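As structure tokens, the structure follows; a few thoughts come after it.
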Amino acid sequence: GSSWQYNSAGQSTLTLHFWLHFDSYYDFLDKKRDIQNYFTSKAAFELSFSNHPIIHARCYTSKCDMTLKDQGTHDLLFDVEMINALGLWFTNKTSLLQKRWKSSWLYDLHMAVGVSHPDWSLKPGSNNIYIPEGVRIQMTNPNMELGIKIYGASGSVSINNETTGTELSAKGDGVNGNLTWYNLNLKNSAGEPINQYSNSRDFWLDPGVNKITLTGASGGYVDTRFFFAAP
């Protein structure tokens, strides 16, 4: 059968619960104004929780109702509703994860048993690149961030993912030295676009082990975020 090709996730709602203590009704009005201004003035919030420190959601405020039903009280429990427009949770990029690696992150990343310190580097020839059990990562998905760094290219380079049947390739005079594919936008070491040398329509990374073959370069790196339907 054909491979499943597209990810789709509807927006989800997160509810944050708060307790507010105030001295008087006028103190409540002042604090209410400050709190509502804070939540409504920001374009987006990046949320994470102490029990899932490396998984985040980028949300915007949909509701901040602070109705005080009894003016004689000095405490209010209220909720702030946040919309996760992407519908997914995501991690920092692998380059940062690997640099600051902690074994306690294995649980958050849903890593397989036996994976203790993952490495997303590419060497010439065959590589096994592990992607946590989450959502397929696609370069053509504008909501995902996937970068492939190439070191020491020499006129022609290819990165073939045998697991997903997708490939990145480039050939020409400008394909030399260090290069970066970022969501199919190919740039040289000076940050200049050189897409005229690229012959790639998409590149996918599936959850689990991806068998990736690097040809025409001295090394590379898969610099991506990981995406999950829930933390």
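In the stretch 113-136, what residues are on the phi < 0 side of the Ramachandran plot and either small (Gly, Ala, Ser) or part of a strand (DSSP E or B) (or both)?
Ser116, Ser121, Leu122, Ser126, Asn127, Asn128, Ile129, Tyr130, Ile131, Gly134
Select from the stretch 132-153 the residues that are within 21 Å of the chain's Cα centre (by Cα) and farther than 13 Å from Phe90 by Cα and list them in ascending order.
Selection gives Gln138, Met139, Thr140, Asn141, Pro142, Gly147, Ile148, Lys149, Ile150.
Kindly list, by first and then second residue, each pair from a residue in the stretch 78-101 that is farther than 26 Å from Ile35 by Cα to a residue that is modelled with pLDDT of 90 or more and among the polar types (S, T, N, Q), limited to pairs with Cβ atoms under 6 Å and residues at least 6 apart or on different chains.
From residues that are farther than 26 Å from Ile35 by Cα, the pairs are Thr94/Thr224.
Which of the residues that make up the stretch 156-195 are crowded, with 16+ Cβ neighbours inside 10 Å, over 12 Å from Ser218 (Cα atoms) and of a type in the set (Gly, Ala, Ser)?
Ser169, Ala170, Gly174
Starting from residues that are over 26 Å from Pro132 (Cβ atoms) and modelled with pLDDT under 90, keep the ones in the stretch 69-107 and report whichever is most open to solvent (accessible area, probe 1.4 Å). First the steps, then the outcome.
Step one: list which residues in the stretch 69-107 are over 26 Å from Pro132 (Cβ atoms), which gives 69-81.
Checking the rest, the ones that are also modelled with pLDDT under 90 come to 69-73.
Numbers: Lys69: 197, Asp70: 92, Gln71: 120, Gly72: 61, Thr73: 44 Å².
Ranking the qualifying residues of the stretch 69-107, first place goes to Lys69.
Out of everything in the stretch 133-155 that is modelled with pLDDT of 95 or more and open to solvent by 30 Å² or more (accessible area, probe 1.4 Å), what residue ends up being farthest from Ala85 (Cα to Cα)?
Gly152
Here are the criteria: (1) modelled with pLDDT of 95 or more; (2) over 17 Å from the mean Cα position of the chain (by Cα); (3) more than 26 Å from His110 (Cα to Cα). Tell me which single one Ser200 does not satisfy.
It fails just one condition, (1).
The values are calculated or read from the model by the stated rules, or taken from the named source; none is laboratory data. What you see is a predicted model; the values in this text were computed from it and never measured. Neighbour counts run over all protein chains shown; Cβ positions are idealised from the backbone, glycine included. Remember, those area values only see protein heavy atoms, side chains included, never the ligands or the DNA or RNA. Shrake-Rupley method; radii C 1.70, N 1.55, O 1.52, S 1.80 Å.
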